[in-house]
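Data block below; observations after.
Values in this text are rule-based calculations from the coordinates and carry no lab data. Small disclaimer: the values here were computed from a predicted structure and weren't measured. Methodologically, a virtual Cβ is constructed for each residue, glycine included, from the backbone with ideal geometry; neighbour enumeration extends over all protein chains shown.
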Amino acid sequence: MARKPRSVHTCSECGYSSAKWLGRCPECGSWGTLVESAVAPKGGAAASAAVSGAVPQGLTPASPATPITRISGTAATSMPSGIGELDRVLGSGVVPGSIVLMAGEPGVGKSTLLLEVASRWASQPAADGTGTRKALYVTAEESVGQVRVRAERTDALKDTLYLAAESNLDVVFGHVEQLKPSLLIVDSVQTMHAPGVEGVAGGVAQSRAVTAALTTLAKTSGIPILLVGHVTKDGNVAGPRVLEHLVDVVLNFEGDRQSSLRMLRGIKNRFGATDEVGCFEQTAEGIREVPDPSGLFLSHRGRTPDGSAVTVAMDGVRPLLAEVQALTVDPVAKNPRRVVTGLDTNRVPMVLAVLQARAGERTNEKDAYVATVGGVRITETATDLAVALATWSSLHEQPLPEKTIVIGEVGLAGELRRVPNLGRRLAEAARLGYEYAVVPEGETLNIPGLRIAQAGTLLEAIGLVSPRRG
């Protein structure tokens, strides 16, 4: 009599497996996410040996094992995608045979960005010199007509960019065999279905099988594959955690629906660093890369207004100039308000308290509104000095000197503390035309075209930007 197939319960959020059903996943804490699926009977020499206790005979390998000293050490060569900000995050471009998972919230622009990637790719000459590269864009969420409309709007129409609306993975493989593209884009991995695998599309078993099959295709054919992935309410890639382990690169496309700014960050990268960030802007014509994003975070005006201070924040290893604005007014209620946008809502009130206790400014008698320009969000402490000086400037209705940059962390005793990557920050400020910088004491730097003043305390920093300084 045939043995009853064994079943396993797998969490659809993190991939945790249990022999019995559980209401709450012990790995990720999600409720009602364990789904039952059948486990295929295992076979082969190793499985038979495990039951009988005999030494397994094994199978003849397709290629012999090779000493590591005889293997070529050449690094994987990459090809430019045509979008510089994407290449920056990937390392130097798209590596042949790599598989990249791009995750992001619905509506952030993942499909639009990858359609632009496919268009740019199909505009470049083929490696063999015969015509241009072929790109295959497979969508399981839209019709080809819908993608065509978006391509017209974003000027992405190319003769060697092929579209297919398909959710059956076997049919997709048939398209690849027929067209032999040099780039494959699948939108999305959660809507693809692998025939012969139990479960619905987007489930644990299906997502794992689809990703594993596409990974095998990429490694055996040398075709780079870009996958679109959805995210959960917590911002993690939807589906089992094993998806992130199967792919070579995991990218997160971030953005606020209220802002046109989009950030592409590397979460995992087998071919490069994960501390780079790519900047994009959502426009009526699609996703536009922003090679110099500091302009988005600065207000465009002639004379510097009061209540404004410019600083340099680090996003990974990339310095970004950001403007902090503060407005102080008489309170409308008994207790003064603190309204913060784009900054740490706990740290800004602390900086205002230090400004009162250590510099004698009566911040407790005013409503204070502090915000960043351009929708940028900053959490690092290097912007403390900008918050303090912007607030001081608003209180006294006294603008800071023209072309001034301020960088530093403010301590509770009113001291200024050094921040990492100060040299890189100042070099970026000098490149963009700033001439005067106020920074914490302790690090001697010489940046051409930039006059650097050091301060040990917040009170000293105020003296360096005050018109009364002597």
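Modelled label-to-label distance, D256 and D155, 7 Å Cα→beta-carbon offset: nm?
The modelled label-to-label distance comes out at 2.9 nm.
Suppose R0 equals 25 Å. What FRET efficiency, 1/(1 + (r/R0)^6) with r the Cβ-Cβ distance, do N421 and S466 give to the nearest 0.05?
It comes out at approximately 0.35.
Show me, for the range 326-335, the HN-Hα J-couplings you get by feeding each phi into the Karplus relation (A = 6.51, B = -1.76, C = 1.60, θ = phi - 60°), rounded to Hz, glycine and proline as x.
Once rounded to whole Hz, the list reads 10, 9, 10, 9, 4, x, 8, 10, 5, 9.
Tell me, E85, E27, E289, E402 in order of fewest to most beta-carbon neighbours within 10 Å?
Listing E85, E27, E289, E402 from fewest to most nearby Cβ atoms yields E402, E27, E289, E85.
Lys/Arg Cβ at +1, Asp/Glu Cβ at -1, dipole of the chain taken about the Cα centre: which of T10, G423, A322 is farthest positive-ward?
Highest projection toward the positive end goes to T10.
In the chain, which Cys residues have no partner Cys with a Cβ closer than 4.7 Å?
C279, each lacking another Cys Cβ under 4.7 Å.
What percent do you get for the relative contact order of the chain when only Cα pairs under 8 Å and 6+ apart count?
On the way: 972 pairs, mean separation 54.1, N = 470.
Worked out over the chain, it gives 12 percent.
Roughly how many nanometres apart are two label points built 7 Å out from the Cα toward the Cβ at A284 and V317?
3.9
Taking the simple approach of a point 7 Å from Cα along Cα-to-Cβ for both A413 and Q146, what is their distance in nm?
In this crude label model, A413 to Q146 measures out at 6.1 nm.
So, in the chain, how many Lys pairs have Cα atoms under 23 Å apart, if the pair is 8 or more places apart or on different chains?
Counting lysine pairs in the chain gives 15.
Could you work out the relative contact order of the range 335-470, using alpha carbon pairs under 8 angstrom and six or more residues apart, expressed as a whole percent?
Values: 205 pairs, mean separation 28.6, N = 136.
So the answer I get is 21 percent.
Mind giving me the FRET efficiency for T444 and N364? R0 is 30 Å, r the Cβ-Cβ distance, nearest 0.05 is fine.
According to the calculation, E is roughly 0.20.
Hey, of [x] 51, 27, 22; [y] 36, 25, 21; [z] 36, 29, 23, which did the structure itself give for semi-axes √(5λ) of the Cα gyration tensor in Å when calculated?
Derived directly from the coordinates: [x].
Could you give the dipole magnitude of the range 77-291 about its Cα centre, charging the beta-carbon of Lys and Arg +1 and that of Asp and Glu -1, in debye to the nearest 20?
200
What full-extension length gain, to one decimal in nm, is calculated for T77 and R337 as 0.36 nm per residue of separation minus the Cα-Cα distance?
Additional length available on full extension: 88.0 nm.
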